[in-house]
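*Asks:* Here's a structure for you.
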Ligand SMILES: *Cc1c(COP(=O)(O)O)cnc(C)c1O
């Protein structure tokens, strides 16, 4: 078995255990395998073990893999990186999900550019839950207005919220962030009960904690695909 396959099974076992520990159903948390900067061959190794949802941050890197794996018709691509408004078209044309929406302008462009023969693009609003000045995402107070815009656009479907909390080794700080997210998400779900079902939070280092606080999707890169090169493709976003 490849290292990727072995790592993948370790992560799914940890995910199941975290669900059990939190008294949650095993299938209540989706695993998003974050394959950014990793080759299509590793995506394929993970796919062969049954994984279908993959997360990508960098457009050109992602498009190369999407093209290479075009024959896998049931694969699901999630764009989880910062998105500039002049780069929306490839996301509209090639992805199933965008997890980092933070502006009305981008929502409207994606709606116009979504091909009519594709299902609506599933969208998560990114929340700047730690209130960091240089981080992307909307502040909690701005969620309802952006949600209303997304909900009004036929090319998009509002699915929920996503966050990347500040890098912290203090579980109490992270737990507080996840807790706030869960409350914001429950409020949003009451407003859009027919579509909102996803709360995307938790990465390799804090997966179990996020699950304990109601995450319905964890985004795991390092623990499946191995450490990434220090220098990633150009981006201003800092990842915790
Ligand atoms: C890179 C990245 C991840 C995965 O992080 P790991 O620590 O490698 O698991 C998750 N979410 C986002 C938005 C990322 O950019």
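Read-outs throughout are calculated quantities, based only on the coordinates presented, and are distinct from any laboratory measurement. Model, not experiment: these values are computed from the prediction. No Cβ is skipped: glycine too gets one built from the backbone with ideal geometry, and neighbour counts run over all protein chains shown.
*Asks:* What percent do you get for the relative contact order of the stretch 3-226 when only Cα pairs under 8 Å and 6+ apart count?
*Replies:* Rounded, it is 21 percent for the stretch 3-226.
*Asks:* According to a simple spin-label model (label point 7 Å from Cα along Cα-to-Cβ), what is the distance in nm between residue 142 and residue 48?
*Replies:* That separation, rounded to one decimal, is 4.5 nm.
*Asks:* Counting each pair of different Cα atoms once, what's the Kirkwood radius of the chain in Å, rounded to one decimal?
*Replies:* So the Kirkwood estimate lands at 18.0 Å.
*Asks:* Right, next: What Kirkwood Rh does the stretch 86-125 have if only Cα atoms enter the pairwise 1/r average? Answer in Å.
*Replies:* The Cα-based Kirkwood calculation yields 10.0 Å.
*Asks:* Starting from the Cα coordinates of the stretch 171-218, work out the convex hull volume and express it per residue in Å³.
*Replies:* For the stretch 171-218, the hull spanned by Cα atoms encloses 52 Å³ per residue.
*Asks:* If the convex hull of the alpha-carbon atoms of the stretch 90-190 is projected onto planes in all directions, what is the mean projected area in square nanometres?
*Replies:* On the way: hull surface 27.0 nm².
Mean projected area of the Cα convex hull: 6.8 nm².
*Asks:* Pop a pseudo-label 7 angstrom from the Cα along the beta-carbon direction at both residue 176 and residue 16 and give the gap in nm to one decimal.
*Replies:* A separation of 3.6 nm, rounded to one decimal place.
*Asks:* Per the helix-only calculation at 222 nm, which mean residue ellipticity applies to the chain, given -39500 (n - 2.57) for every DSSP H run of n ≥ 4 and division by its residues, nearest 500 deg cm²/dmol?
*Replies:* It lands at -12000 deg cm²/dmol.
*Asks:* Counting other beta carbons within 10 Å of each residue's own, what order do 201, 207, 181, 1 fall into, fewest first?
*Replies:* Least crowded to most crowded, the residues run 1, 207, 181, 201.
*Asks:* With the Cα gyration tensor of the stretch 120-167 in hand, give its eigenvalues times 5 under a square root as the equivalent ellipsoid semi-axes, listed largest first in whole angstrom.
*Replies:* Each semi-axis is the square root of five times an eigenvalue, giving 22, 11, 7 Å.
*Asks:* Can I ask one more? Kirkwood-based Rg over Rh for the stretch 133-240 (C-alpha set), two decimals?
*Replies:* On the Cα set of the stretch 133-240, Rg over Rh gives 0.99.
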